[in-house]
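One structure below.
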Amino acid sequence: MGDKLKKTVALVGLMGAGKTAVGTALARKLGVPFRDSDQEIVKAANMSIAEIFERDGEAFFRRKESQVLARLLTEGPCVLSTGGGAFLSEANRRIISEHGASVWLNADLDLLWNRVKHKNTRPLLRTPDPYATLHDLYHKRLPFYAMADVAVRTYPEFTIEDTADAVVKALGARPDVLEAA
């Protein structure tokens with residue numbers, strides 16, 4: 001492809017939007033490392049996100065998440081998958097825009113639900129009515145995700161590669177982020 005990434009692309013969006021899968025494909029296309037803030041937190045804490053939530057609470061997790069994001073964003077251009085709640089924090093949005101560019105993977109509620117309903121790895125969905133919980137999170141978080149530098153719509157018929165290509169195309173309008181070969 002030959003495009004050159006000049007700053008980190010931080011993928012934002014709700015759980016199930018495809019941040020990890022699309023991020024991995026995007027990093028491969030651009031020839032840069034892929035980082036996942038959730039995985040970095042898990043590695044540092046030596047426990048799962050669900051365990052951190054349970055033991056230390058969401059506020060503690062969010063503090064750790066901000067520290068990890070700040071570190072990852074200053075380690076040179078990469079594709080960074082952020083946790084679904086990371087972009088809600090004004091401080092996180094600021095550090096992402098200072099050191100990178102945010103890309104919102106905008107998937108509709110039905111698509112997100114189809115992707116997460118069979119997984120029990122989502123601590124925020126461990127509720128009596130996970131669909132209602134996802135519905136509420138979706139509507140609460142939409143205004144925050146809408147602040148992203150770039151929005152890329154994802155569709156059920158899109159493959160991971162299709163979505164990664166759509167992100168590359170959208171970044172084409174941002175020469176400060178992606179230099180075309």
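A quick yes/no check of all residues on (1) in contact with a helix residue (DSSP H, G or I) (Cβ under 8 Å, 6 or more places away or on another chain); (2) at positive phi:
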{"site": "Leu14", "(1), (2)": "yes, no"}
{"site": "Gly18", "(1), (2)": "yes, yes"}
{"site": "Ala25", "(1), (2)": "yes, no"}
{"site": "Pro33", "(1), (2)": "yes, no"}
{"site": "Gln39", "(1), (2)": "no, no"}
{"site": "Lys43", "(1), (2)": "no, no"}
{"site": "Arg55", "(1), (2)": "no, no"}
{"site": "Phe61", "(1), (2)": "yes, no"}
{"site": "Gln67", "(1), (2)": "no, no"}
Just one of (1) out of contact with any helix residue (DSSP H, G or I) (no Cβ under 7 Å at 6 or more places or on another chain); (2) surrounded by fewer than 17 Cβ atoms within 10 Å (Cβ to Cβ); (3) outside any strand (DSSP E or B) trips up Ala151, so point out which.
(3)
List the pairs whose first member sits in the range 58-79 and is within 15 Å of Ala10 (Cβ to Cβ), whose second member is among the aromatic types (Phe, Trp, Tyr), and whose Cβ atoms are under 9 Å apart, counting only residues at least 6 apart or on separate chains?
Cys78/Phe34; Val79/Phe34
Taking the range 1-43, which residues are free of Cβ contacts under 8 Å to residues at least 60 places away in the same chain, surrounded by 20 or more Cβ atoms within 10 Å (Cβ to Cβ) and under 21 Å from Leu178 (Cα atoms)?
Gly23, Ala27, Arg35, Asp36
Which of the residues belonging to the range 109-147 are at pLDDT 90 or above, surrounded by 13 or more Cβ atoms within 10 Å (Cβ to Cβ) and not in a helix (DSSP H, G or I)?
Met147
Filtering the range 46-75 down to residues that are surrounded by 12 or more Cβ atoms within 10 Å (Cβ to Cβ), at pLDDT 90 or above and of a type in the set (Gly, Ala, Ser) yields Ser48, Ser66, Ala70
I'd like the residue in the range 79-108 that is over 21 Å from Ala50 (Cα atoms) and of a type in the set (A, V, I, L, M) and, out of all such residues, is surrounded by the fewest Cβ atoms within 10 Å (Cβ to Cβ).
Ala91
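The values are calculated or read from the model by the stated rules, or taken from the named source; none is laboratory data. Remember, it's a predicted structure, so these values are computed and weren't measured experimentally. Cβ coordinates were reconstructed from backbone atoms using ideal geometry, including for glycine residues, and neighbour counts include every protein chain displayed.
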